[in-house]
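J.: Quick one: the structure is below, and I'll ask about it shortly.
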Amino acid sequence: MNCKTANRVVVTGAFGYTGKYITRRLLAMGKRVRTLTAHPNRGNEFGGQVEVAPFDFANPAALVNSLRGAECLFNSYWVRFDHGDSTFERAVENSRMLFAAAKDAGVGKIVHISITNPSLDSPLPYFRGKAEVESALQKSGLRYAILRPTVIFGAEGILINNIAWLVRHLPIFAVPGDGTYRLQPVFVEDVAELAIRAISETADSIRDAVGPEIFSFDDLVRLIARSVGSRTRLVHRPPRTALALSELVALFVRDRVLTRQEVEGLMAGLLVSSAPPTAETRLSSWLAAHAHELGIAYFSEIARHYARG
């Protein structure tokens, strides 16, 4: 049996963002999908089509049982920032536990969603932790395909939506630094498609999942503002000042709007690939079609991932 012909697969976070788009494709292929989720009682679009099992890292035997019978595991488990006991360090350990459980359960291959430019030497725990997880997977003895996306955009994408929300509501937009640093957004549907294609590969693989357009941060914010009809004015501030201003907004929306690590990673060029584009959808085209719904509501990371339910 292999991933392409396997009937049962497991997707972490099938009711979340990237996992939902992967799950849609798997169901359309006739696969039986089970999800591991921290929110087993949360409503979802799949009804009874997806079998639900809780993420239970405190019970390794239950984790193995939840993976048993699956030939393939699609994994996007991670945390965006430390929050309570959900830390980068804990996410790395949980990922190691997940891979060990997958091996014990007889899972044949893991398709893993990582990040561009991870490094074991990175001073940023987000990128260093992603590299540690990749290393653990490569040493696990399991077959693997690692996808490294940049900023993922789509209907539920937090970064692009919340930039749109800010430029819709504020007369000025504080840009950390000079705004010339670059990023290369990728469409969530394209990431899902790359993940599905990976199941038919016989060799282990690592590839960036990146779109065809590269923007300076200034140009990205201007494009979003123009798309939603905003006349907000960009002002450049030292990163520390821009972060302090984001914390004022955070008090209002009760969320972490921006983190120091995100700013440092962005300014270091870690959200751009040196490889050719692997996805076709242009953010500029997508914005033209979806600007009317972008930024109407603020998307909260904390409410999405840490609220009960």
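J.: Could you identify which residue out of 229, 84, 108 has the top mean-square fluctuation in a GNM of the chain using Cα springs shorter than 10 Å?
T.: Maximum among the listed residues: 84.
J.: Further question: In whole Hz, what ³J(HN,Hα) sequence does region 278-287 give by Karplus (6.51, -1.76, 1.60; θ = phi - 60°), x for Gly and Pro?
T.: In residue order, the calculated couplings are 10, 10, 9, 6, 8, 4, 4, 5, 5, 4 Hz.
J.: Want the number for residue 207 to residue 248: 0.36 nm per residue separation, take away the alpha-carbon distance, what's left?
T.: Details: separation 41, 0.36 × 41 = 14.76 nm, distance 3.78 nm.
Stretched out fully, the residue 207 to residue 248 stretch lengthens by 11.0 nm.
J.: Of the residues 227, 274, 76, which exhibits the maximal mean-square fluctuation in a Gaussian network model of the chain defined by a 10 Å Cα contact cut-off?
T.: 274
J.: Could you calculate the FRET efficiency of residue 85 with residue 231 from 1/(1 + (r/R0)^6), where r is the beta carbon distance between them and R0 is 41 Å, rounded to 0.05?
T.: My answer for the efficiency is 0.45.
J.: In sequence order, what are the phi-derived ³J(HN,Hα) couplings for region 134-145 according to the Karplus relation 6.51 cos²θ - 1.76 cosθ + 1.60 with θ = phi - 60°, rounded to whole Hz, with x for glycine and proline?
T.: Along region 134-145, the couplings run 4, 4, 4, 5, 5, 8, 6, x, 8, 6, 8, 10 Hz.
J.: Can you give me the long-range amide H partners of residue 172? Hydrogens built in the peptide plane at 1.01 Å from N, cutoff under 5 Å, separation of 5 or more residues or another chain.
T.: Under 5 Å from the amide H of residue 172: 233.
J.: Here is a further query. For the chain, what number of Lys pairs, 8 or more residues apart or on separate chains, have alpha-carbon atoms under 17 Å from each other? Write out the running numbers ahead of the final one.
T.: On the way: 4/31; 4/109; 20/31; 31/109; 103/139; 109/139; 130/139.
Number of lysine pairs found: 7.
J.: Counting only protein heavy atoms and using a 1.4 Å probe, what share of the accessible area of the chain belongs to carbon plus sulfur, as a whole percent?
T.: Of the solvent-accessible surface of the chain, carbon and sulfur hold 51 percent.
J.: Let me ask another. When the chain is treated as a GNM, springs tying every alpha-carbon pair under 10 Å, which of 297, 242, 164 comes out with the largest mean-square fluctuation?
T.: The residue with the greatest mean-square fluctuation here is 297.
J.: Amide H of residue 209: which non-local residues (sequence gap of 5 or more, or other chain) have their own amide H closer than 5 Å, using H built in the peptide plane?
T.: The answer is 148, 150.
J.: Okay, moving on. Could you calculate the FRET efficiency of residue 41 with residue 62 from 1/(1 + (r/R0)^6), where r is the beta carbon distance between them and R0 is 22 Å, rounded to 0.05?
T.: It comes out at approximately 0.80.
J.: While we're here: Which ³J(HN,Hα) values in Hz, rounded to whole numbers, follow from the phi angles of region 261-277 under the Karplus curve 6.51 cos²θ - 1.76 cosθ + 1.60, where θ = phi - 60° and Gly and Pro get x?
T.: Each residue of region 261-277 in turn: 5, 5, 5, 5, x, 5, 5, 7, x, 7, 10, 10, 9, 8, 8, x, x Hz.
J.: Here is a further query. Relative to a virtual label point 7 Å from the Cα of residue 7 in the Cα→beta-carbon direction, which members of region 61-87 show backbone nitrogen distances below 15 Å?
T.: 69-72, by backbone N distance to the label point.
J.: Hey, another quick one. Stretch residue 302-residue 28 to full length: gain in nm at 0.36 nm per residue minus the Cα-Cα span?
T.: Extra length from residue 302 to residue 28 when fully extended: 95.6 nm.
J.: Something else: Can you pull the one-decimal nm distance between simple spin-label points at residue 97 and residue 292, each 7 Å off the Cα toward Cβ?
T.: Result: 4.7 nm between the two label points.
J.: Report, by chain and number, residues whose modeled amide H sits under 5 Å from the one on residue 112, excluding near sequence neighbours (fewer than 5 apart, same chain).
T.: 75, 145, 146, 147
J.: Would you mind calculating the gained length between residue 51 and residue 169 on full extension (0.36 nm times residue separation, minus the Cα-Cα distance), in nm to one decimal?
T.: Taking 0.36 nm per residue and subtracting the Cα distance, the gain is 38.4 nm.
J.: Could you state the accessible area per residue of the chain in Å², with a 1.4 Å probe and every protein chain left in place?
T.: With all protein chains present, the chain gives 45 Å² per residue.
J.: If I model a spin label as a point 7 Å beyond the Cα along the Cα-Cβ vector, how far apart are those points for residue 104 and residue 282 in nm?
T.: Calculated label separation equals 5.1 nm.
The values are calculated or read from the model by the stated rules, or taken from the named source; none is laboratory data. Not measured: the values here are computed from a predicted model. Because the Cβ atoms are built from the backbone with ideal geometry, glycine has one as well, and the counts that use them run over all protein chains shown. Each accessible area value is taken on the protein alone, full model and side chains, heavy atoms only, with ligands, DNA and RNA left out. Shrake-Rupley method; radii C 1.70, N 1.55, O 1.52, S 1.80 Å.
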